[in-house]
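Before any comments, here is the structure.
The values are calculated or read from the model by the stated rules, or taken from the named source; none is laboratory data. Source: prediction; values computed, not measured. Reconstructed Cβ throughout: ideal geometry from the backbone, glycine too, with neighbour counts over all protein chains shown. Only protein heavy atoms, including side chains, enter the accessible area calculation; ligands, DNA and RNA are left aside. Shrake-Rupley method; radii C 1.70, N 1.55, O 1.52, S 1.80 Å.
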Amino acid sequence: MKLTALEIKSAKPKAKPYRLADGEGLYLEISPAGGKHWRLKYRFDGKEKRLALGAFPETSLADARKAKMEAREALAKGIDPGIQRKVDKARRSADTFEALATEWAEKYQAEWSPNYMAETQRRLKRELFPHLGDRPVVEISPPELLAVLRRIEARGALDLVRDVRSVASRVFRYAVATGRAERDPAADLLGAFKTRPVKHHAAITDPQRVGELLRAIDGYQGDIVTRLAFRLAPLVFVRPGELRQAEWQEFNLAAAEWRIPAEKMK
């Protein structure tokens, strides 16, 4: 690229700054070591300021002019583009996937059982953070998340794929709800993975045999906790894990209610 439209600014402090022919304050600064960087000279609140727009040739003249136009738009709104850039950088740093996931987990951990909390943290740290942790959540696309989940699928851990996708989706939905993202890319991946063949377990359908099962439960003389769980199960028809992990705070004995938190259920 020829720089005929530019005059070069020397890195010496007393040298006169050179600009593009349009007089908009954009120029290329060359250091004694040969480094070339685009700069934008502008005024805000009566003070002269400069904004770094990137190194040449990685940042082309067209890129520099685009950045200049964005800075002009900010100035027209009464915003200092230099301050805005610092704010945007800090926000991107605070809104990485790992930062949002950690914030989400801390917010809801009081509602989770210790086992669920530990399992969620394990899925985040082992499966998601190594690949997406430092990525701004707003920049993560469905194909990028798909590539991460494909790694798990390739290991044959099909149930884990489903669970990790679900955890990622909850983090993205939290980001959307708090204004840090616009959409949940995990939602686009439903049905994109292999599923384990359904295996139907034997069930008792004969009323007479159901009666035999109930009598067998009543006659069980093993551990008291197991005995009580056996007797409670036919009354509430929950999954064994939901019954085994029940906590006292889930029960309202006065109202004869048991409310199981949604995160414990499928």
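Brief remarks follow.
- Contact order relative to length of the chain, as percent, for alpha carbon pairs under 8 angstrom and 6 or more apart: 9 percent
- Accessible surface ranking for Arg135, Arg43, Arg183, 1.4 angstrom probe, highest first: Arg43, Arg183, Arg135.
- Solvent-free Debye scattering, log10 I(q)/I(0), computed from the Cα coordinates of region 143-266 at q = 0.10, 0.11, 0.17, 0.22 Å⁻¹: -0.56, -0.66, -1.02, -1.23
- Computed extension gain for Lys86 through His131, at 0.36 nm per residue and net of the alpha carbon distance, reaches 13.6 nm.
- Normalising the average separation of contacting C-alpha pairs (under 8 angstrom, six or more residues apart) by the number of residues puts the relative contact order of region 102-232 at 20 percent.
- Spin-label model, Ser166 to Arg231: label points 7 Å out along the Cα-to-beta-carbon direction sit 3.2 nm apart.
- Solution diffusion estimate, µm²/s, Stokes-Einstein, region 32-127, Kirkwood Rh from C-alpha pairs, 37 °C, viscosity 0.692 mPa s: 193 µm²/s
- 0 to 90° range, to nearest 10: angle between helix 81-94 axis and the chain longest Cα axis: 20 degrees
- Förster radius 35 Å - calculated FRET efficiency between Ala255 and Tyr220 (Cβ-Cβ, nearest 0.05): 0.75
- For Ser141, solvent-accessible area (1.4 Å; no DNA, RNA or ligand), Å²: 40 Å²
- To the nearest ten degrees, helix 207-218 and the longest principal axis of the Cα atoms of the chain are 90 degrees apart.
- Alpha carbon convex hull of the chain, projected area averaged over orientations, nm²: 24.4 nm²
- Accessible surface for Tyr220 stands near 80 Å², nearest 10, in the context of the full protein assembly shown (1.4 Å probe).
- Region 211-266, relative contact order [Cα under 8 Å, separation at least 6], %: 20 percent
- Residues Asp188 and Ser60, FRET efficiency given R0 of 25 Å [Cβ-Cβ distance, rounded to 0.05]: 0.15
- Gaussian network model of the chain, Cα within-10 Å springs - most flexible of Thr96, Thr120, Thr226: Thr226
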